[in-house]
Structures are given as C-alpha cells and as structure tokens.
1. Go through the stretch 10-25 and give me each residue that's assigned to a loop (DSSP other than H, G, I, E, B) and over 18 Å from the mean Cα position of the chain (by Cα).
2. Among residues belonging to the stretch 26-48 that are modelled with pLDDT under 95 and part of a loop (DSSP other than H, G, I, E, B), point out the one that is surrounded by the most Cβ atoms within 10 Å (Cβ to Cβ).
3. Out of curiosity, is V7 assigned to a loop (DSSP other than H, G, I, E, B) and either out of contact with any Gly (no Cβ under 6 Å at 6 or more places or on another chain) or surrounded by fewer than 17 Cβ atoms within 10 Å (Cβ to Cβ) (or both)?
4. Which of the residues belonging to the stretch 11-28 are under 11 Å from E42 (Cβ atoms) and out of contact with any helix residue (DSSP H, G or I) (no Cβ under 6 Å at 6 or more places or on another chain)?
5. With respect to R53, determine if the residue is in contact with a helix residue (DSSP H, G or I) (Cβ under 7 Å, 6 or more places away or on another chain) and either assigned to a loop (DSSP other than H, G, I, E, B) or modelled with pLDDT under 85 (or both).
6. Can you tell me which residue is surrounded by the fewest Cβ atoms within 10 Å (Cβ to Cβ) among those in the stretch 10-25 that are under 14 Å from L56 (Cα atoms) and of a type outside the set (K, R)?
Amino acid sequence: MSETVFVVERVDGKWDASCFDRRCGGWGLHGVGGDDGVHETENSARRAAAEHRRELAAKRDPSPVPAVVCPTCGHRNVPKERR
C-alpha cells in the first residue's frame, strides 16, 4: 500500500504528495492534502501522505469486477440482458 502513496520534490522546490490507490474510488492519480497535494515543505507532504495511508488502511478493497470468463472452468458469463 505504501507504494501507492508517495512524496516527490518538484522542480520549483515545492513537494507533491500523491496517491493512485484504487480504494480511493478511481484508478487515477490524485493529490493528497490541501491545494491538490502541493506542499511548501517536505514535512508537510510526508504528514499528509502518512495520514492518507492511515485512511487507506481503514478502507476495504473495492469489490472486483465480475469475470466474463471463469478462470477455473472457462464458463462464459453472459449477462441476463443478452440471453
């Protein structure tokens, strides 16, 4: 989990705290903390990242998308609308 929340220094000297964990409700990258994840200091960015990791630890993984084909038996799952 910790690899999905990270802190990096920007070229302008500010710090980004970002996350791309699917438990946040999407698959995209998003900022962590105020100002869309942009922080003036490394300590501020690391605090925001640590808090976000704690929030993620309390969340469950989202339910997986149902398979179209069963990986065990190869049965094809056809939605009811197409039957």
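The values are calculated or read from the model by the stated rules, or taken from the named source; none is laboratory data. From a predicted model like this one, the values you see are computed outputs, not experimental measurements. Every residue, glycine as well, gets a Cβ built from its backbone with ideal geometry; the counts of neighbours run over all protein chains shown.
1. R10, V11, D12, G13, K14
2. Only one residue tops the list, namely V32.
3. Spelling it out, it is not the case that V7 is assigned to a loop (DSSP other than H, G, I, E, B) and either out of contact with any Gly (no Cβ under 6 Å at 6 or more places or on another chain) or surrounded by fewer than 17 Cβ atoms within 10 Å (Cβ to Cβ) (or both).
4. Those that are under 11 Å from E42 (Cβ atoms) and out of contact with any helix residue (DSSP H, G or I) (no Cβ under 6 Å at 6 or more places or on another chain): G13, K14.
5. No: the conditions fail for R53.
6. The qualifying residue surrounded by the fewest Cβ atoms within 10 Å (Cβ to Cβ) is G25.
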